[in-house]
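Throughout, read-outs are computed from the coordinates displayed, never taken from laboratory work. Computed from a predicted structure; not experimentally measured. Cβ placement follows ideal geometry from the backbone for every residue including glycine, while neighbour counts extend to all protein chains displayed.
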Amino acid sequence: SLKIEPRLLALIKALYTSTCLRVWYGVKGALTNRIFTNKGLRQGCILAPLLFNLYINDLPGLMKDTMVHMSMILNTYCNSLLYADDMILLSYTQIGLRRLLRRFSSYCQDNS
């Protein structure tokens, strides 16, 4: 449903194709060998918050029907908070949180 210029989309895909990472570990700060990945966003990438928000654009609306266990913030019912490329799920009960986690997991599987 989002209209993205094909050339821009190709450029973003190229940026995230065949990416690799290395992890610092140990007391002396050793590095792992390169690990290739095709999932997720690059840490510190200036596009990460925008890409994350485009990816989850319709998720908050899909989660509105889990109102039963929602938290109330400033007299407004709320089951999630989003900032940049972070998301927090909120619920007063374990049952509600499990329901939100299942909904979120299902959304991610359907949109991966």
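Quick notes on this one:
- A single member of 41, 50, 54 is part of a loop (DSSP other than H, G, I, E, B) and under 30 Å from residue 91 (Cβ atoms), and it is 41.
- Within region 1-45, tally of residues that are over 21 Å from the mean Cα position of the chain (by Cα) and under 21 Å from residue 108 (Cα atoms): 0
- Within region 20-41, being polar (S, T, N, Q), more than 25 Å from residue 84 (Cα to Cα) and loosely packed, with under 10 Cβ neighbours inside 10 Å holds for one residue alone: 33.
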